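Each reported figure results from applying straightforward, stated rules to the coordinates on display, with no laboratory input. Since the model is a prediction, treat every value here as computed from it, not as a measurement. Cβ: placed from backbone, ideal geometry, glycine included. Neighbour counts: every protein chain shown.
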């Protein structure tokens, strides 16, 4: 269910270093107190002495994965330490995998028990889901209202600009024109081909695509199986796939929809939010600048993994919005069929239960995808 949007850091850790980093993160998440070697010896069966743990924690600190908030304090995970934890350490065993599956089932049961979409309006359904999500995750929950409109394809044309360079021109049902210029991958022999031959090929491909795709939404086109193109036009397939996907993102950048927000008061009681100014900036973002937050959580998703929507995890400074650069944002899209129409997310301190939050977001996205098919058959 889980994938990270950001590339895993190139940090090579030994098994012992991984185990001690894992234990440090888990202990800090549970206590919110800097972690010392003595606490790890007492709480975790690491099989090494306190002195060895101190030495390893020193190495992890030099690697930027831990830091000391004060000279006499224990260590605290850095954003990089959390990133390694999320990407490499949270499912190292069957025990953790089973816990994640259990959490996912708990979310599904809670949603099914408290939300009967046949008896609710769409807005009421999303409000209820946001409240359940906040309660189960202990975080601020964020659910966007779904997209209801998108540009439809009226006409498509492929034009050769110069040798090896092709422009895709798209006209929408609103008579807006969009274009994308890209290099066409070709062999040296193909590069020497007669320009008129390529022009004829492009016209045939354009006619073929218009006959099959006219009237479909640009967002839907981004998810087509382009391998269905006739074999003789296969060399245009990757170009078309990439071009249409980018044009889809560009033309579908819709007006931000309302975001259902729940769980603010509980999360802001966490020790990480003790500074009034920080709390004010987060509340201002949630209430007055939702469009910025919306663009962050409703983004062009990566391909699905085994039929499940990808879950994006942004930790601390990975968040581009200043008010939440000390927070973690976990999000996933809910869909109509294969098309993303809205997003589910949770926002909390970087010191959060990542396994639980990821499972909650993934399960809520699955549930809302099923529910949305009821409202939008």
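Here is how the numbers come out for the structure above:
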item	result
P(r) weight above 17 Å for the range 15-89, C-alpha pairs, percent	32 percent
Gain in span if fully extended, residue 289 to residue 11, counting 0.36 nm per residue against the direct Cα distance	96.5 nm
Burial ordering of 367, 67, fewest other beta-carbon atoms within 10 Å first	67, 367
Gain in span if fully extended, residue 196 to residue 155, counting 0.36 nm per residue against the direct Cα distance	12.5 nm
Protection proxy ranking of 331-343, 32-44 - average other beta-carbon atoms within 10 Å, highest first	331-343, 32-44
Cα-projected label distance for residue 162 with residue 51, points at 7 Å along beta-carbon direction, nm	7.0 nm
Footprinting exposure proxy for 287, 318 (fewest neighbouring C-beta atoms within 10 Å first)	287, 318
Label-point gap, in nm, between residue 109 and residue 123 - each point 7 angstrom along Cα→Cβ	3.3 nm
Residue 44 paired with residue 279, simple spin-label distance in nm, labels 7 Å along Cα-to-beta-carbon	3.2 nm
Cβ-based exposure ranking for 204, 90, 330, 53, in which fewest neighbours within 10 Å come first	204, 90, 53, 330
